[in-house]
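Read the structure below first, then the notes.
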Amino acid sequence: MRVNIPKLYLDEDISSLLAALFRKEGVDVVCACEVGMTKQEDIVHARYATQENRVLVSFNRVDFIRIAKHFPHHTGISICPQVTKNAYATLAE
């Protein structure tokens, strides 16, 4: 059974290596760097993800919890623990 995975938007703190791993699994994902969204305020990332009907994925727990409370119309915000690039290599295996 295939699980329905929402479209994802990875903010600029998350490596594009993770996007590549998601794509390998058939997930529709874009990174901030791929869509010209680097050096943007967190609320701009949230608005972009919402406009594109994507779940925003971030390591930035404090700011995005605050944004979620004041920006209730988001598509979704997934706060993840920060991992190293070595962890991405382990995931790829």
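The values are calculated or read from the model by the stated rules, or taken from the named source; none is laboratory data. Every value quoted in this text rests on a predicted model; they were computed, and no experiment measured them. Cβ sites come from the backbone with ideal geometry, for glycine too, and all protein chains shown count toward neighbours. Only protein heavy atoms, including side chains, enter the accessible area calculation; ligands, DNA and RNA are left aside. Shrake-Rupley method; radii C 1.70, N 1.55, O 1.52, S 1.80 Å.
Nearest 20 debye, what's the magnitude of the dipole of the chain about its Cα centre given +1 on Lys and Arg Cβ and -1 on Asp and Glu Cβ? Mind dumping the intermediate values first?
Numbers: 11 positive and 11 negative charges, 41 e Å.
Around 200 debye, computed over the chain.
Average accessible surface for the chain: 66 Å² per residue, computed with a 1.4 Å probe over protein heavy atoms with every protein chain in place.
Taking all protein chains as they are arranged and a probe of 1.4 Å, the heavy atoms of Thr75 leave approximately 60 Å² accessible to solvent. In order along the range 57-65, phi translates into HN-Hα couplings of 10, 8, 8, 7, 4, 4, 5, 6, 5 Hz, rounded to whole numbers, per the Karplus curve 6.51 cos²θ - 1.76 cosθ + 1.60 with θ = phi - 60° and x for Gly and Pro. Distances between placed amide hydrogens fall under 5 Å for Ser78 paired with Leu56, Val57, Ser58, all partners being 5 or more residues away or on another chain.
Under 5 Å between amide hydrogens, built in the peptide plane, is the criterion, and for Val29 it picks out Leu8 among residues at least 5 positions away or on other chains.
In whole percent, and with a 1.4 Å probe on the protein chains, what portion of the accessible area of the chain is carbon and sulfur? The partial results should precede the final answer.
Working: 3190 of 6120 Å².
Whole-percent figure for carbon plus sulfur exposure: 52.
Annotation for the range 1-81: trypsin sites (Lys or Arg not before Pro) lying in DSSP loop with at most 10 further Cβ atoms inside 10 Å of their Cβ are Arg2, Lys39. Residue-wise HN-Hα couplings along the range 12-17, as the Karplus relation 6.51 cos²θ - 1.76 cosθ + 1.60 with θ = phi - 60° gives them from phi, are 5, 7, 9, 4, 5, 4 Hz; Gly and Pro carry x. Between the range 54-80 and the range 20-49, the C-alpha centres lie 13 angstrom from each other. For the range 10-52, applying the loop criterion from DSSP together with a ceiling of 10 other beta carbons within 10 Å to the GluC sites (Glu not before Pro) yields Glu25, Glu41. The sum of -39500 (n - 2.57) across all DSSP H runs of n ≥ 4, divided by the residue count of the chain, sets its helix-only mean residue ellipticity at 222 nm to -11500 deg cm²/dmol. If the Kirkwood radius is taken over C-alpha pairs of the chain, then at 4 °C and 1.567 mPa s the Stokes-Einstein diffusion coefficient equals 95 µm²/s.
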